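Asker: Supplied in structure tokens, the structure appears directly below.
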Amino acid sequence: FAVVVSLLLAGVSWGSGVKGDPTRIPDQVPASRSVAFVDVTVIPMTFDGVLEHQTVVTMRGRIQAIGPVDEIQVPDTAVVIDGTGRFLIPGLADMHTHLDIELGDGANEAVMWLANGVTTIFNLGDQLTPLGGGLMELRDSILRGHLPGPTIYTASIAYGPATGARPSHTFTAAEEGRDFVIASKDAGYDFMKVYTSTTAATFGGISDQAETSGMSIVGHIPRAVGLNDALRDGLRMVAHLNDFWCRTFDCGANANLIGAAVNPMVRHGAWVATTLALNENFKNMYCGDVQALERYVLREWWRYAHPSIVSHWYNMVVGDWNPPGCRPDDALGAWDFLLWYSKELYDAGVPMVLGTDSPPAVGFPGWSLHEELRIVDRFMTRFEALRLATVNAGRFMDEHLPGVEPFGTIEIGKRADLLLLTANPLDRLSNAKRRVGVMARGRWYSEGNLQRRLELVAYSNYGPPELREPSGRVAP
């Protein structure tokens, strides 16, 4: 395996593309080096438009300078990247993920997000024992530059009874909730997450201690608490758009009740993560449609899904998504209603971020975020859709995580999370996949470098190319 790694990463260079030779795209550049994107079209996401013929300079993980190409002095030591005919946008953010070290391979999943231009993820619960476990080690290794991957923000999840979750994460009493917040804070988590089954007593304990500990609450709408009381007592982000339907509306398509979700969300300034790609897959695979799952898995990215993840998806589709007496047409109607009231929430001013619930909820890390962009494009402009994946993610963290490093726009002082593209995503959102390279916290990776890293992920999952056979990868 070591030989394969060295061959695949052969040609990694720290110096190609230095000033004087801007025509070459450097393969990889550390955050300690200054990088200058010269004569690039910038989409700063501070307004709906572009800035042409710009130079953007980064240094030590931050954006240092932005301005017209004839006004910005490029440092003599900078690595120059030619931006002619190219577009620079902020890195994308997936604000609902589950990077579970035990179920899959966390380091490989981190590469998958990064290789798709996702430079920030919000991990909403890992269920590890003890708290933190390998997740914090991975997060810190990425931050130190020892491993490639997105910046990871974390939430520690508290369940209620009858979910099958681990006892170390399952509580019923208020004191247990308070103690879990203290332990989670000590373990390095950024947020607390509550679940559908979280009891009213536990939520009360979490709410009291979270305020004392300076931790915001995110997650599902606990059935025992209800939306209004949960928002009043500190729920700052609802984890799924479909949570309103199945919690507030009791899974009934009653359009008259939309205000029951809109009004309190707007009043409390609470956020919601979309996870619509998950719901689309649910619609397509409802009633245990394994063939639909097979078609999804065998798309061009199948080689990167860890076998245990695929088995988990299969068990979910034939189990939870195949209830007795189910009818596929029910899922079609539910999908139409979900899109309708998602637009109603958005138009009413409920702030949204993109989230995918991947990988455990039938989603490929990184690729699913582009599916999310495709879906929200149905009820908002392309600029607005990109805002959800960039600006809004930075805004949410700025509001609810004290001392967070600013990100989400291309402005001086912001974290240097950037995508260099060959086409304008404001013309077509799928252009966000046409990458020249990705910069995460000032570390530059060319598209070729990232593709070689993905090949390593495929190798670790299924061996060398001659042994990779897509058939039979779904059913265990």
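Asker: Quote the accessible area belonging to PHE407 in square angstrom, nearest 10, computed with a 1.4 Å probe and with ligands, DNA and RNA left uncounted.
Answerer: For PHE407, solvent-accessible area is about 20 Å².
Asker: Follow-up question, since we're still on this one. What's the local net charge at SER213, with K and R +1, D and E -1, over the other residues with C-beta under 12 Å away? Intermediate values should be presented prior to the final figure.
Answerer: Numbers: positive: ARG178, LYS185; negative: ASP179, ASP186, ASP190, ASP208, GLU211.
The answer is -3.
Asker: Now for a different question. Working out 0.36 nm times the residue gap between GLU137 and ASP347, then minus their Cα-Cα distance, what length gain in nm do you get to one decimal? Kindly include the intermediate steps, with their values, before the conclusion.
Answerer: Working: separation 210, 0.36 × 210 = 75.60 nm, distance 4.03 nm.
Stretched fully, the GLU137-ASP347 segment lengthens by 71.6 nm.
Asker: As an exercise, identify the trypsin sites (Lys or Arg not before Pro) in segment 263-336 lying in DSSP coil whose Cβ has no more than 14 other Cβ atoms within 10 Å. Present the calculation step by step, with values, prior to reporting the outcome.
Answerer: On the way: sites: ARG267, LYS283, ARG295, ARG299, ARG303; in loops: ARG299.
Answer by residue number: ARG299.
Asker: Can you sort ILE66, ILE142 by solvent-accessible area, 1.4 Å probe, largest first? Walk me through the intermediate numbers first.
Answerer: Values: ILE66 45, ILE142 0 Å².
The ordering from most to least exposed comes out as ILE66, ILE142.
Asker: With all protein chains present and a 1.4 Å probe, how do GLU344, GLU71, GLU52 order by accessible area, largest first?
Answerer: Ranking GLU344, GLU71, GLU52 by accessible area, largest first, yields GLU71, GLU52, GLU344.
Asker: Only bridges whose two residues both fall in the chain count here: according to DSSP, what percent of them are antiparallel, nearest 5?
Answerer: On the way: 27 of 58 bridges.
Around 45 percent of the beta bridges assigned by DSSP in the chain are antiparallel ones.
Asker: Further question: Using a 1.4 Å probe on the protein chains only, how many percent of the accessible area of segment 242-374 belongs to carbon and sulfur? Working shown, then result.
Answerer: Values: 2540 of 5090 Å².
With neighbouring chains kept in place, the figure for segment 242-374 is 50 percent.
Asker: Grab the other residues whose beta carbon is less than 9 angstrom from that of GLY145, score K and R as +1, D and E as -1, and report the net.
Answerer: Local charge sum for GLY145: +3.
Asker: Also, I was wondering about something else. Given the Cα-Cα distance of ARG232 and ARG60 and 0.36 nm per residue of separation, how much length would full extension add, in nm? Walk me through the intermediate numbers first.
Answerer: Numbers: separation 172, 0.36 × 172 = 61.92 nm, distance 4.04 nm.
Gain in length upon complete extension: 57.9 nm.
Asker: Per residue of the chain, what 222 nm ellipticity follows from adding -39500 (n - 2.57) for every DSSP H run with n ≥ 4, rounded to the nearest 500?
Answerer: On the way: 15 runs with 167 residues, N = 476.
-10500 deg cm²/dmol, from helical runs alone.
Asker: State to the nearest 20 debye the size of the charge dipole of the chain about its Cα centre, where the only charges are +1 on K and R beta carbons and -1 on D and E beta carbons. Please list the in-between numbers first.
Answerer: Numbers: 40 positive and 53 negative charges, 118 e Å.
Taking the Cα centre of the chain as origin, the dipole is about 560 debye.
Asker: Taking Cα pairs under 8 Å and at least six residues apart, what relative contact order does the chain come out at, in percent? Kindly include the intermediate steps, with their values, before the conclusion.
Answerer: Numbers: 997 pairs, mean separation 95.6, N = 476.
It comes to 20 percent, rounded to a whole number.
Asker: I would also like to ask the following. So for segment 57-209, what are the equivalent ellipsoid semi-axes in whole Å, largest first, each being the square root of 5 times an eigenvalue of the Cα gyration tensor?
Answerer: On the way: eigenvalues 320, 50, 36 Å².
Result for segment 57-209: semi-axes of 40, 16, 13 Å.
Asker: Would you mind pulling out the separation of the Cα centroids of segment 260-311 and segment 414-450, in Å?
Answerer: Segment 260-311 and segment 414-450 have Cα centres spaced 24 Å from each other.
Asker: With unit charges on the beta carbons (Lys and Arg positive, Asp and Glu negative) and the dipole taken about the Cα centre of the chain, which residue among PRO324, LEU388, GLY442 sits farthest to the positive side?
Answerer: GLY442
Asker: Tell me, what HN-Hα J-couplings in whole Hz come from the Karplus equation 6.51 cos²θ - 1.76 cosθ + 1.60 at θ = phi - 60° for each residue of segment 263-269, using x for Gly and Pro?
Answerer: Calculated HN-Hα couplings, in order: 4, x, 5, 5, 4, 9, x Hz.
Asker: Per residue of segment 404-420, in order, report the coupling 6.51 cos²θ - 1.76 cosθ + 1.60 (Karplus, θ = phi - 60°) as ³J(HN,Hα) in whole Hz, putting x for Gly and Pro.
Answerer: 5, 6, x, 7, x, 9, 9, 9, 4, x, 6, 4, 7, 9, 9, 10, 9
Asker: Hey, another quick one. Which of (1) 91, 54, 47; (2) 71, 52, 44; (3) 65, 51, 42 is the computed Cα extents along the principal axes in Å for the structure on display?
Answerer: Computed from the coordinates, Cα extents along the principal axes in Å corresponds to (3).
Asker: Rg to Rh for segment 141-240: what is it, with Cα atoms only and Rh by Kirkwood?
Answerer: On the way: Rg = 13.9 Å, Rh = 13.7 Å.
My calculation puts Rg/Rh at 1.01.
Asker: Taking the Cα centre of segment 38-112 as the origin and placing charges on Cβ (Lys, Arg +1; Asp, Glu -1), which of PHE47, VAL69, ALA107 is farthest toward the positive end of the dipole?
Answerer: VAL69
Asker: Further question on the same structure: Can you give the charge dipole size of segment 312-369 about its Cα centre, rounded to the nearest 20 debye, using +1 on the beta carbon of Lys and Arg and -1 on the beta carbon of Asp and Glu? Don't jump to the answer; show the numbers that get you there.
Answerer: Working: 2 positive and 7 negative charges, 26 e Å.
Rounded to the nearest 20 debye, it is 120 debye.
Asker: Put +1 on the Cβ of each Lys and Arg and -1 on the Cβ of each Asp and Glu in the chain; which of GLY214, TYR341, GLY145 then has its Cα farthest toward the positive end of the dipole?
Answerer: GLY145
Asker: What is the distance, in nm, between label points placed 7 Å from the Cα along the Cα-to-Cβ direction at THR172 and at TRP340?
Answerer: 4.1
Asker: Whole-Hz ³J(HN,Hα) for each residue in segment 440-451, computed from phi via Karplus 6.51 cos²θ - 1.76 cosθ + 1.60 with θ = phi - 60°, x for glycine and proline: what do you get?
Answerer: Using θ = phi - 60°, the values come out as 10, 6, x, 9, 9, 10, 6, 4, x, 4, 5, 5 Hz.
Asker: Residues with amide H under 5 Å of THR170's amide H, sequence separation 5 or more or different chain, H placed in the peptide plane at 1.01 Å from N; which?
Answerer: TYR159
Asker: Then there's this: What distance in nm separates the two pseudo spin-label positions at ALA183 and ASP48, each 7 Å out from Cα along the beta-carbon direction?
Answerer: Between ALA183 and ASP48, the simple spin-label model gives 4.9 nm.
Asker: Around VAL80, which amide H atoms from residues at least 5 apart in sequence, or from another chain, sit under 5 Å from its own amide H, with H modelled in the peptide plane?
Answerer: Close amide H contacts, sequence-distant or interchain: VAL18, LYS19, ALA36.
The values are calculated or read from the model by the stated rules, or taken from the named source; none is laboratory data. Nothing here was measured: the structure is a model prediction, and the numbers come from that model. Using ideal geometry, Cβ is built from the backbone for each residue, glycine included, and neighbour counts are taken over all protein chains shown. Quick note on the areas: whole protein, heavy atoms, side chains included, nothing else; ligands and nucleic acids left out. Shrake-Rupley method; radii C 1.70, N 1.55, O 1.52, S 1.80 Å.
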